[in-house]
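**Q** Just passing along the structure, written as structure tokens.
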Amino acid sequence: MKILIIEDETALVQDIIKYLTSEQYLCEWASDYQTAMEKVSTHEYDCILLDLMLPGGDGLSILNQLKKQNKQDGVIILSAKNSIEDKVKGLKLGADDYLAKPFHQAELAARIESLIRRKQFDSNNIITQNELSIDIHSKTVTVNEHPVSLTKKEYDLLLFFIGNKNRVLSKGALAEHLSGDFADMFDNHDFVYAHVKNLKRKLKESAYGDYIKTIYGTGYKWEQ
Amino acid sequence: MTKLLNRPLKAFAFYALVILLISVPVYVLVVDHIWISELDENNWLTLQHTKERLETGVFTREDLEQINHIWGELLPGVSITKTNEAAIRPDSVYEILRPHEYDTDDGAGRFRGLVSYLNINEQPYQITIETNVEEADETLLAIAIVTFFFFILLIVGFILLNRRISARSWRPFYQTLHSLQSFDLNKDDNLHLPPTDIQEFQELNQSLHLLVKNNIAAYQQQKTFTENASHELQTPIALLKSKLDLLLQEKEITPEIAEILSGIEAPLSRLSRINKNLLLLAKVENQQYSDKEQLDIKEYVGAALILFEDYLNNKNLFVRNCIQDSILINTNSFLLETLLHNLLSNAIRHTSDGGQIRIELQNRTIFIANSGKQALDEKHLFDRFSSTSKDKISSGLGLAIIKEIVLKNNWQVRYHFDNGFHTFAVSF
């Protein structure tokens, strides 16, 4: 899987690359408008991470270029502006997702995974994880052909874990994933425990392995 | 408080009254003096004429008695009587009050007389000439009435003139005053003052223009500064967050390090929140959310409650949502959402476990109430960073944002505490 990161903040790009490379992603990097334009028009990527404020030009015109060339690359806008107008404009121009800075690496990884999954039509939209299979379309989960009934939040958590296998996910990142933007309005994210506990219990009842580990003091990890 | 133009009017009216009051006795004295000197002159002329004729003519004693008798019948003001040598004195003038012969209603009349002596046929005679003078009190009354009439005329004139002056010359002043009263640093980018041909007002307007211009510039600078500063802070915060995420992935994290790491996460999250809110505040102030549409409050409250479900359940809060009817308001959806999220998250954060939250909608006013113990300090409640609680997560900007949104939409927000409930009411 090839990912292009269009972003001028070197340190942030390095972090993203570091977080993503251990998955089967191959990351490329363009730090300015010119390089980005060249890379975008000559290569195909599974996913492009696009910062809107670039030296040398507006990130939105890169989106325009992609659309003109009829390219199918998935695009996630990364923006420090966090403005509704940019979001709407970007999504209208054909971006697939929008993530406001600052974000958790785990959230970015989950978004990339979900985007790539949506773009792959051959997989029948079924994710298989050992005896577990998830039908993205109908949002149903089965273990060894037996259905597992999950709430919407438990289902979201499951996907988030699978998108961040072998990574420690902090409570904050989980809460932000479940509640969205306003999770930081609260200091208490204990509700995350309850959802994770229920998810673990339901998977266990379906005789699925106990992959979700609690990491003392920091959060959880899907170990495999 | 008196109006500027009424103050000189009062002073003018008072001054006019004093002057006119003084003028009345002066007029009376002057008129009386003229009267009397004219009469005295007239009496003297008559006397001279009469004396000359009497002295040059030849009259017997009987003739004289006859003349005096005829005078007494025809001209009661003149009389001639016989006297003796000893009584002769120089000519004198006298004044007497006695009833009129004909005008009896008028009471006593005032008479001015001239007494003189002359010899006819070697005999001393006394001749008296008397004329009726206007009484001093009648003069006084007439002059007082006339003066009063003119005083009224003067006051009416003052008032009318004053109105004209105020309508004309002071118009630019009142327009300037009106412009200043309706000027709002939050909304207006310029102060519009009417042109004037009066120098003082022109100078006043110029000074005001300069003052307001500097204020607007300073205010703009402050807003841009906030926006720029929070923009600049975004990237380092994003970096801190991503570094922390990477750090968590390290293999050898001891429980001690884990504790420190989670201790970093909370303040970092708060920093991020403050920064986000500062940026939001600056954007609301800069009118960056101006798209408006018809939105249903009921729907938005319902959606927000679903979003906050986890936090409500976690604290065992009981929510009573009494909103039944849909109410449409015309506003920006993001701002309405932010307003409701801020109000509700405040209510959730500040209610202790097992507490109650009540949401009501009456006459286009939404009431969001949560149980609590002590009333908050209303005065600084909506100021930035005036947070009354020691809440570690609060950005201190939630209520400031609410106030700004309310202000931009011309709504109203009030707080009151009663029966153990903090209530925030927003009137749309």
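**Q** Could you list, in sequence order, all residues of the stretch B:237-286 that are assigned to a loop (DSSP other than H, G, I, E, B) and more than 55 Å from the chain's Cα centre (by Cα)?
**A** Across the stretch B:237-286, the qualifying residues are B:GLN249, B:GLU250, B:LYS251, B:GLU252, B:ILE253, B:THR254.
**Q** In addition: Name the residue that is farthest from A:PHE103 (Cα to Cα), counting only residues in the stretch A:121-141 that are touching a residue at least 12 places away in the same chain (Cβ under 8 Å) and polar (S, T, N, Q).
**A** Of everything passing the filter in the stretch A:121-141, A:ASN130 is farthest from A:PHE103 (Cα to Cα).
**Q** Here's something else I'd like to know. Which one of these is buried (at least 18 other Cβ atoms within 10 Å of the Cβ), without any contact (Cβ under 8 Å) to a residue 40 or more places away in the chain and not β-branched (Val, Ile, Thr): A:ASP86, A:ASP46? Before the answer, list the steps.
**A** Values: A:ASP46 fails: without any contact (Cβ under 8 Å) to a residue 40 or more places away in the chain.
The match here is A:ASP86.
**Q** Inside the stretch B:207-254, can you point out the residues that are charged (D, E, K, R), within 20 Å of A:ALA173 (Cα to Cα) and touching a residue at least 24 places away in the same chain (Cβ under 8 Å)? Give the derivation first.
**A** Residues of the stretch B:207-254 charged (D, E, K, R): B:213, B:223, B:227, B:232, B:241, B:243, B:245, B:250-252.
Now drop any that are not within 20 Å of A:ALA173 (Cα to Cα), which leaves B:241, B:243, B:245, B:250-251.
Across the stretch B:207-254, the qualifying residue is only B:LYS241.
**Q** Also: Out of all the residues in the stretch A:116-141, which are of a type in the set (Lys, Arg) and either more than 25 Å from A:GLU44 (Cβ to Cβ) or open to solvent by 70 Å² or more (accessible area, probe 1.4 Å) (or both)?
**A** Across the stretch A:116-141, the qualifying residues are A:ARG118, A:LYS119, A:LYS139.
**Q** Let me ask another. Tell me whether the stretch B:203-212 contains one or more residues that are in a helix (DSSP H, G or I) and β-branched (Val, Ile, Thr).
**A** There is at least one residue in the stretch B:203-212 that is in a helix (DSSP H, G or I) and β-branched (Val, Ile, Thr).
**Q** Checking B:TYR289 against (1) within 13 Å of chain A (Cβ to nearest Cβ); (2) part of a helix (DSSP H, G or I); (3) open to solvent by less than 50 Å² (accessible area, probe 1.4 Å), which single condition isn't satisfied?
**A** Against the list (1) within 13 Å of chain A (Cβ to nearest Cβ); (2) part of a helix (DSSP H, G or I); (3) open to solvent by less than 50 Å² (accessible area, probe 1.4 Å), B:TYR289 comes up short only on (2).
**Q** Here is a follow-up. Restricting to helices (runs of 4 or more DSSP H) lying wholly in the stretch A:142-224: which have 1 or more residues that are open to solvent by 60 Å² or more (accessible area, probe 1.4 Å) and either at the interface with chain B (Cβ under 10 Å from one of its Cβ atoms) or within 27 Å of A:TYR98 (Cα to Cα) (or both)?
**A** A:152-163, A:191-205
**Q** Please work out which one of (1) under 20 Å from B:GLU299 (Cβ atoms); (2) open to solvent by 10 Å² or more (accessible area, probe 1.4 Å); (3) touching a Ser or Thr at 6+ places or on another chain (Cβ under 9 Å); (4) away from every other protein chain (no Cβ under 12 Å) is the condition B:ASP377 fails and give its number.
**A** With (1) under 20 Å from B:GLU299 (Cβ atoms); (2) open to solvent by 10 Å² or more (accessible area, probe 1.4 Å); (3) touching a Ser or Thr at 6+ places or on another chain (Cβ under 9 Å); (4) away from every other protein chain (no Cβ under 12 Å) applied to B:ASP377, the lone miss is (1).
**Q** I've got another one for you. Where residues in the stretch B:304-355 are among the acidic types (Asp, Glu) and within 12 Å of chain A (Cβ to nearest Cβ), which of them is least open to solvent (accessible area, probe 1.4 Å)?
**A** Within the stretch B:304-355, the match that is least open to solvent (accessible area, probe 1.4 Å) is B:ASP310.
**Q** Here's a check for you: in the stretch B:212-253, which residue that is of a type in the set (Val, Ile, Thr) and at pLDDT below 85 is most open to solvent (accessible area, probe 1.4 Å)?
**A** Filtering the stretch B:212-253 for residues that are of a type in the set (Val, Ile, Thr) and at pLDDT below 85, the one most open to solvent (accessible area, probe 1.4 Å) comes out as B:THR224.
**Q** Residues of the stretch B:242-301 being within 19 Å of A:ASP184 (Cβ to Cβ), among the small types (Gly, Ala, Ser) and in contact with a Ser or Thr (Cβ under 7 Å, 6 or more places away or on another chain), which ones?
**A** Scanning the stretch B:242-301 gives B:SER262, B:ALA282.
The values are calculated or read from the model by the stated rules, or taken from the named source; none is laboratory data. Values in this document were obtained by computation on a predicted structure and should not be read as measured data. Using ideal geometry, Cβ is built from the backbone for each residue, glycine included, and neighbour counts are taken over all protein chains shown. With ligands, DNA and RNA removed, areas are computed over all heavy atoms of the protein, side chains included. Shrake-Rupley method; radii C 1.70, N 1.55, O 1.52, S 1.80 Å.
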